[in-house]
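Peer 1: Got a structure for you, questions after.
The values are calculated or read from the model by the stated rules, or taken from the named source; none is laboratory data. Since we're looking at a predicted model, the values are computed, not measured. Positions of Cβ are backbone-derived with ideal geometry, glycine not excepted, and every protein chain shown enters the neighbour counts. Surface areas here come from the heavy atoms of the whole protein model, side chains and all, with no ligands, DNA or RNA. Shrake-Rupley method; radii C 1.70, N 1.55, O 1.52, S 1.80 Å.
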Amino acid sequence: MLEKKVNMLPLDDIDIQDDFWKEFMELVRCHVIPYQWEALNDRIEGADPSFCMQNFKVAAGLQDGKFQGMVFQDSDVYKWLEAVAYSLMWHPDGELEITADGAIDIIAAAQQVDGYLDTYYILNGIEKRFTNLMDHHELYCLGHMVEAAVAYYKATGKRKFLDTAVGYVNCVYENIGIEPGKKQGYPGHEVAEMALVGLYGITGDERHLKLAKYFIDQRGQSPLYFAEEREKNGNYFHWANSYFKDQYYQAGKPVREQDRAEGHAVRAVYLYTGMAEVASATEDKKLFTACERIWNNIVEKQMYVTGAIGASEYGEAFTFDYDLPNDTVYAETCAAIGLIFFARRMFEITKDSRYTDVMERCLYNGVISGMSLDGKKFFYVNPLEVVPEASEKDFFKKHVKVERQKWFGCACCPPNIARLLSSIGGYAYEMDADSIFMNLFIGGDLKAVLGGNENAFHVKTDYPWDGNVKISVANQKKSRFTYAVRVPGWCSTWSLSVNGKMDTYPVENGYVYIKREWSNGDEICINMEMPVKLIAANPRVREDIGKVAVMRGPVVYCLEEEDNGDQLQEIYIKKQPIFDVKYEKDLLEGVVTLTTDGLRLSEDDWDEKTLYKEYKGRNFKEQKLKFIPYYAWTNRMPGEMSVWIRVE
Ligand SMILES: [Zn+2]
């Protein structure tokens with residue numbers, strides 16, 4: 001059975017009160033969401049205009065003008081509305097809701113009689129619509145519209161945006177599909193697949209599931225739709241001479257025959273998420289097996305230690321197995337977010353911690369590294385090694401920025417971070433009729449009907465800095481249900497007690513299942529030992545050989561120039577280092593730092609005039625090394641940074 005065994009807990013039932021995550025959520029709510037609204041309306045001084053809202057107004061006939069900005073500009077307001085929806089679920093805000101309703105009114109006013117709604121074609125000749133599905137993002141915008149509309153309906157109960165989205169979906173259904181007379185195409189940039197399954201969950205309209213399944217089934221079938229479309233459009237194909245060709249779009253062969261992650265990384269993980277959704281909704285075993293195969297390829301051969309994916313800037317893409325360069329990497333924030341989407345669906349089908357472990361790895365490292373600690377600047381590219389001069393002077397490293405950038409014209413990562421962080425509670429907890437699953441350790445209060453009764457839970461923890469988690473149960477009536485806790489893959493020593501009594505509970509697929517009758521005041525205490533660990537990479541990863549990464553709990557650490565001087569490549573960590581683990585309240589909004597005695601190649605061996613000489617061993621001098629969490633790098637002085645360090 002591939003039917004989802006668990007589902008996200010509704011966000012309005014979760015009140016996160018957690019020093020670590022609440023900070024990020026509030027940054028999104030108080031800074032990112034208002035700032036993005038200004039940006040969508042071209043009111044940020046000194047920034048390139050977005051034209052996003054203006055395009056809708058022109059398309060609606062509310063003002064004069066022409067289409068401006070990127071072909072996928074519409075999607076920016078959809079992502080913003082989705083983040084707003086999640087934020088409203090845990091923090092009702094009448095004023096913000098009025099602003100969002102106003103945006104929705106403008107969007108809806110631009111909708112055409114038959115439901116069509118993409119401002120690029122409304123303003124550039126509607127007769128040309130659906131003629132460049134490969135590159136013109138109409139179905140990508142549709143996907144983001146549906147995701148946002150579903151979230152906004154769940155948050156507010158208001159139907160206007162949902163009805164608008166359904167109108168556009170039904171228009172696409174009438175024009176694209178396997179039936180004679182329809183175009184047999186599919187999205188050039190995936191996201192509609194997962195969105196439509198979510199929409200089907202609300203509408204129950206079979207057409208919505210059918211369209212999602214059609215997009216999955218038709219992708220990569222021969223003759224290739226995109227090849228035929230290119231022929232009609234003058235044969236322009238940017239990836240013609242690349243190694244991926246149509247696989248840039250994951251469309252070179254049918255998805256059930258694909259066995260590794262290929263092409264543009266964000267598109268890829270969005271597709272795989274949609275595949276998992278469709279496999280689950282239609283009980284498609286073969287499709288699910290393809291998801292597992294591709295998942296294994298990613299996490300066993302193509303994922304960075306930070307959970308980042310997409311090794312190459314060329315095509316923002318996956319390359320080949322074990323190709324994980326640290327300094328020319330792409331590792332787009334959106335791709336790590338997409339991997340979380342994929343992980344969540346796979347977990348919901350399997351209840352296996354191998355997926356939620358990866359979700360945690362991405363979250364604490366490769367995702368939140370994408371936002372500055374003040375919520376005002378963002379990374380698209382998340383490198384694991386940076387030398388400022390290289391970013392400045394080496395053409396092939398120019399995409400690797402030394403500092404996060406302000407959110408300007410073309411924006412995909414910032415609103416994506418916003419929608420993920422404002423819905424983080426839903427990733428932390430999932431449930432079925434009589435079990436609750438704790439995937440992530442985040443403090444706060446939640447409620448859930450389990451075993452037929454309403455139960456409340458209070459979670460207290462200083463995770464990820466400390467491995468103790470205390471869960472108190474509050475209920476009016478005793479109720480029998482299962483509290484399932486993930487034992488993280490990084491954790492080798494742990495204990496668990498209920499009301500102070502250590503007991504052994506069954507562990508299955510990485511979750512401890514505590515099944516009992518719960519009474520008011522019952523308490524679960526989990527203690528996970530969190531020693532500092534040195535992590536090695538498979539020797540096939542050329543760049544990491546002879547090096548280690550430092551981790552403590554789920555957090556990957558790095559060395560920064562500010563604490564350790566420049567020329568970080570000269571630094572060696574000792575074979576069995578002893579770390580001083582210290583919580584520094586005033587550093588980087590409060591982080592645990594790790595210090596240890598390390599080594600640096602002695603400069604006495606070399607002078608400025610010598611580039612090469614006969615090797616006669618190496619001399620070292622002692623140096624204290626200070627590691628900070630990777631996600632927090634370059635929030636002080638920009639400088640060199642490295643995750644992988646040579647071992648003595
Ligand atoms: Zn992005």
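Peer 1: Which of the residues belonging to the stretch 61-80 are surrounded by 23 or more Cβ atoms within 10 Å (Cβ to Cβ) and part of a loop (DSSP other than H, G, I, E, B)?
Peer 2: Answer for the stretch 61-80, where residues must be surrounded by 23 or more Cβ atoms within 10 Å (Cβ to Cβ) and part of a loop (DSSP other than H, G, I, E, B): just Q73.
Peer 1: Scan the stretch 598-609 for residues that are over 30 Å from D580 (Cβ atoms) and surrounded by 10 or more Cβ atoms within 10 Å (Cβ to Cβ) and report the count.
Peer 2: Of the residues in the stretch 598-609, 1 are over 30 Å from D580 (Cβ atoms) and surrounded by 10 or more Cβ atoms within 10 Å (Cβ to Cβ).
Peer 1: Can you find a residue that is within 16 Å of the ligand (Cβ to nearest atom), among the hydroxyl-bearing types (S, T, Y) and in a strand (DSSP E or B) anywhere in the stretch 301-316?
Peer 2: yes
Peer 1: While we're on this one: On the basis of being surrounded by fewer than 24 Cβ atoms within 10 Å (Cβ to Cβ), out of contact with any Asp or Glu (no Cβ under 6 Å at 6 or more places or on another chain) and part of a loop (DSSP other than H, G, I, E, B), does D323 make the cut? So that I can check it myself, show each step before the final result.
Peer 2: Working: surrounded by fewer than 24 Cβ atoms within 10 Å (Cβ to Cβ): yes; out of contact with any Asp or Glu (no Cβ under 6 Å at 6 or more places or on another chain): yes; part of a loop (DSSP other than H, G, I, E, B): yes.
So D323 fits the description; yes.
Peer 1: Quick check on my filter: what residues within the stretch 452-468 are part of a strand (DSSP E or B) and either open to solvent by less than 10 Å² (accessible area, probe 1.4 Å) or polar (S, T, N, Q) (or both)?
Peer 2: Going through the stretch 452-468, the residues part of a strand (DSSP E or B) turn out to be 453-461, 468.
Across the stretch 452-468, the qualifying residues are N453, N455, F457, V459, T461, N468.
Peer 1: Hey, another quick one. I'd like to know if the stretch 45-60 contains one or more residues that are farther than 20 Å from L162 by Cα, of a type in the set (S, T, N, Q), buried (at least 17 other Cβ atoms within 10 Å of the Cβ) and at pLDDT 95 or above.
Peer 2: Within the stretch 45-60, one or more residues are farther than 20 Å from L162 by Cα, of a type in the set (S, T, N, Q), buried (at least 17 other Cβ atoms within 10 Å of the Cβ) and at pLDDT 95 or above.
Peer 1: Let me ask you something else. Name the residues in the stretch 550-568 that are open to solvent by 10 Å² or more (accessible area, probe 1.4 Å) and under 17 Å from P638 (Cα atoms), would you?
Peer 2: To start, the set of residues in the stretch 550-568 that are open to solvent by 10 Å² or more (accessible area, probe 1.4 Å) comprises 551-552, 561-563, 565-568.
Passing the criteria: E561, E562, D563, G565, D566, Q567, L568.
Peer 1: Continuing with this model, one more query. Among the residues of the stretch 326-335, what is the count of those that are surrounded by fewer than 21 Cβ atoms within 10 Å (Cβ to Cβ) and assigned to a helix (DSSP H, G or I)?
Peer 2: Total satisfying the criteria: 0.
Peer 1: Restricting to the stretch 544-561, count the residues that are more than 24 Å from the chain's Cα centre (by Cα) and either farther than 30 Å from L440 by Cβ or hydroxyl-bearing (S, T, Y) (or both).
Peer 2: Number satisfying all stated conditions: 3.
Peer 1: OK, next. If L11 meets every condition in (1) assigned by TED's automatic domain parsing to the domain that holds G375; (2) open to solvent by less than 60 Å² (accessible area, probe 1.4 Å); (3) within 19 Å of the chain's Cα centre (by Cα) apart from one, which number is that one?
Peer 2: (1)
Peer 1: Still on this model: Mind checking whether some residue in the stretch 282-292 is surrounded by fewer than 24 Cβ atoms within 10 Å (Cβ to Cβ), more than 16 Å from the ligand (Cβ to nearest atom) and not in a helix (DSSP H, G or I)?
Peer 2: Scanning the stretch 282-292 turns up at least one residue that is surrounded by fewer than 24 Cβ atoms within 10 Å (Cβ to Cβ), more than 16 Å from the ligand (Cβ to nearest atom) and not in a helix (DSSP H, G or I).
Conditions (1) touching a Gly at 6+ places or on another chain (Cβ under 8 Å); (2) open to solvent by 20 Å² or more (accessible area, probe 1.4 Å); (3) under 13 Å from L271 (Cβ atoms), marked per residue:
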residue: R207; (1), (2), (3): no, yes, no
residue: D217; (1), (2), (3): no, yes, yes
residue: S222; (1), (2), (3): no, yes, no
residue: A227; (1), (2), (3): no, yes, no
residue: N241; (1), (2), (3): no, yes, no
residue: Y248; (1), (2), (3): yes, no, yes
residue: P254; (1), (2), (3): yes, yes, yes
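Peer 1: OK, next. Output the qualifying pairs, or none if there are none: Cβ atoms under 6 angstrom, residues six or more apart or on different chains, first residue in the stretch 365-385 and on the phi > 0 side of the Ramachandran plot, second residue assigned to a helix (DSSP H, G or I) and buried (at least 23 other Cβ atoms within 10 Å of the Cβ).
Peer 2: G375/V32
Peer 1: Could you check the stretch 597-631 and list, in sequence order, the residues that are within 36 Å of the chain's Cα centre (by Cα) and either within 12 Å of D563 (Cβ to Cβ) or part of a loop (DSSP other than H, G, I, E, B) (or both)?
Peer 2: Of everything in the stretch 597-631, those that are within 36 Å of the chain's Cα centre (by Cα) and either within 12 Å of D563 (Cβ to Cβ) or part of a loop (DSSP other than H, G, I, E, B) (or both) turn out to be G598, K624, L625, K626, F627, I628.
Peer 1: Does the stretch 253-285 hold any residues that are farther than 23 Å from V6 by Cβ, over 18 Å from the mean Cα position of the chain (by Cα) and not β-branched (V, I, T), and which are they?
Peer 2: Passing the criteria: K253, P254, R256, E257, Q258, D259, R260.
Peer 1: Where in the stretch 469-524 are there strands (runs of 3 or more DSSP E), lying wholly inside it, with at least 1 residues that are open to solvent by 20 Å² or more (accessible area, probe 1.4 Å) and farther than 25 Å from G553 by Cα?
Peer 2: Values: elements: 479-486, 494-498, 511-518.
Answer list for the stretch 469-524: 479-486, 511-518.
Peer 1: Sticking with this structure for a sec: So Y612 passes all but one of these: (1) surrounded by fewer than 19 Cβ atoms within 10 Å (Cβ to Cβ); (2) in contact (Cβ under 8 Å) with a residue 40 or more places away in the chain. Which condition number does it fail?
Peer 2: Every listed condition holds for Y612 apart from (2).
Peer 1: Would you mention how many residues in the stretch 121-165 are farther than 21 Å from Y214 by Cα and aromatic (F, W, Y)? Don't jump to the end; show me each part of the working.
Peer 2: Let us first name the residues in the stretch 121-165 that are farther than 21 Å from Y214 by Cα, namely 121-128, 148-149, 151-164.
Retained after the next criterion (residues that are aromatic (F, W, Y)): 121, 152-153, 161.
So the answer is 4.
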